[in-house]
Structure formats: C-alpha cells, structure tokens
Amino acid sequence: GAGNNAYSPFGAVMWTGTQTAACATAIDLSVTNNRTTAVCLSSKTSPDVFEGVAEVSGSVTFLFEDQTEYNQFIAESINPITILFTSDQDDEFTAFCMEQCLFTGTSSEVPSTGPVRLSLNFRSIQAAGGTSLAVCKGGAPLA
C-alpha cells in the first residue's frame with residue numbers, strides 16, 4: 001500500500017542451522033492447517049471447527065557451492081531454517097522461522113555450462129512447544 005516499502009530482493013538471507021546459506025536462490029513454502037468439521041446426526045451444521053496439526057513443507061534451491069546442505073540431507077539431520085526479508089532502509093523485516101526441518105528429497109541437474117543448482121524438499125517437524133512455523137514482523141508500523 002501507499003507508504004509501505006517492498007522488501008529488497010537483495011536484502012533476503014536464509015540460514016540452515018547456524019550457517020548462512022548465501023547461495024539460496026529460491027524457496028517454496030506450503031502451509032496446511034488441517035482444520036476439520038465434525039458431522040452430527042440430525043444437525044445441519046457442525047458444532048465446531050476442530051484444529052488439526054499444521055503441516056509445513058516446501059523446497060529450497062541452492063547454488064551448489066559446496067556439499068553443506070547436501071550432507072545434511074544424506075545424514076538426515078534436523079536443522080532450523082530461518083528466512084529473513086528486509087527493506088532497503090533496514091527498518092522493516094519479516095522472518096519465517098522453522099525450528100526443526102528435515103530435508104526429505106533432492107534433485108540436482110548438472111548443466112553443461114553455468115552453476116549447478118541443488119533443490120532440496122523439506123518438512124518442518126513440530127517442535128516441543130507445538131510450533132511448526134513462526135512468523136515475526138517488525139520495524140516501522142504499517143501505514
């Protein structure tokens with residue numbers, strides 16, 4: 001909207017574990033909340049909407065600088081993934097934090113020229129506090 005800045009495409013950063021994944025080129029995030037309604041006999045409506053366990057999954061694409069992320073997939077290690085978007089003025093940000101992520105699949109295409117891209121599918125595992133995904137927003141208030 002008016003007065004709100006778009007996030008800078010060059011101001012985004014991603015961490016896997018404690019390491020900055022500066023070579024991340026794309027991320028696809030899917031959130032399914034799994035809400036359901038119960039059918040009751042002799043009633044036209046459901047008594048309530050029942051909360052399910054949210055499923056958070058997606059894929060991330062890296063330029064294949066080294067084998068850090070690939071080794072996390074091979075070792076089946078569980079790592080946090082954090083994605084931070086900032087504005088050009090660094091006064092606004094949005095962060096997506098997933099405490100426990102498991103890389104579940106990989107695909108890499110080795111081109112004849114240019115960089116090698118590695119795509120990893122991931123699934124966020126529900127943390128002890130019951131959170132699969134935390135979204136934090138801060139900085140200047142929205143107009």
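Looking at 85, 73, 122, 62, which one is open to solvent by 30 Å² or more (accessible area, probe 1.4 Å), within 17 Å of residue 15 (Cα to Cα), assigned to a strand (DSSP E or B) and not small (Gly, Ala, Ser)?
On inspection, the qualifying residue turns out to be 85.
Tally the residues that are of a type in the set (Phe, Trp, Tyr) and at pLDDT 85 or above, restricting the search to the range 65-114.
Number satisfying all stated conditions: 2.
When you go through (1) among the hydrophobic types (A, V, I, L, M, F, W, C); (2) more than 24 Å from residue 133 (Cα to Cα); (3) open to solvent by 40 Å² or more (accessible area, probe 1.4 Å) one by one for residue 50, which number turns out not to apply?
So residue 50 meets the others, but not (2).
Any residue in the range 50-62 that's without any contact (Cβ under 8 Å) to a residue 60 or more places away in the chain: show its pairings with residues that are among the charged types (D, E, K, R) and open to solvent by 50 Å² or more (accessible area, probe 1.4 Å) at Cβ separation under 8 Å, as long as the two are six or more apart or on different chains.
50/35; 51/35; 52/35; 61/117; 62/117
What do you reckon, is residue 57 among the hydroxyl-bearing types (Ser, Thr, Tyr), part of a loop (DSSP other than H, G, I, E, B) and either more than 19 Å from residue 27 (Cβ to Cβ) or open to solvent by 30 Å² or more (accessible area, probe 1.4 Å) (or both)?
The answer is no for residue 57.
The values are calculated or read from the model by the stated rules, or taken from the named source; none is laboratory data. As the structure is a computational prediction, the values presented were derived from the model and not from experiment. Glycine also receives a Cβ, built like all others from the backbone with ideal geometry; neighbour counts cover every protein chain displayed. All accessible areas refer to the heavy atoms of the entire protein, side chains included, with ligands and DNA or RNA removed. Shrake-Rupley method; radii C 1.70, N 1.55, O 1.52, S 1.80 Å.
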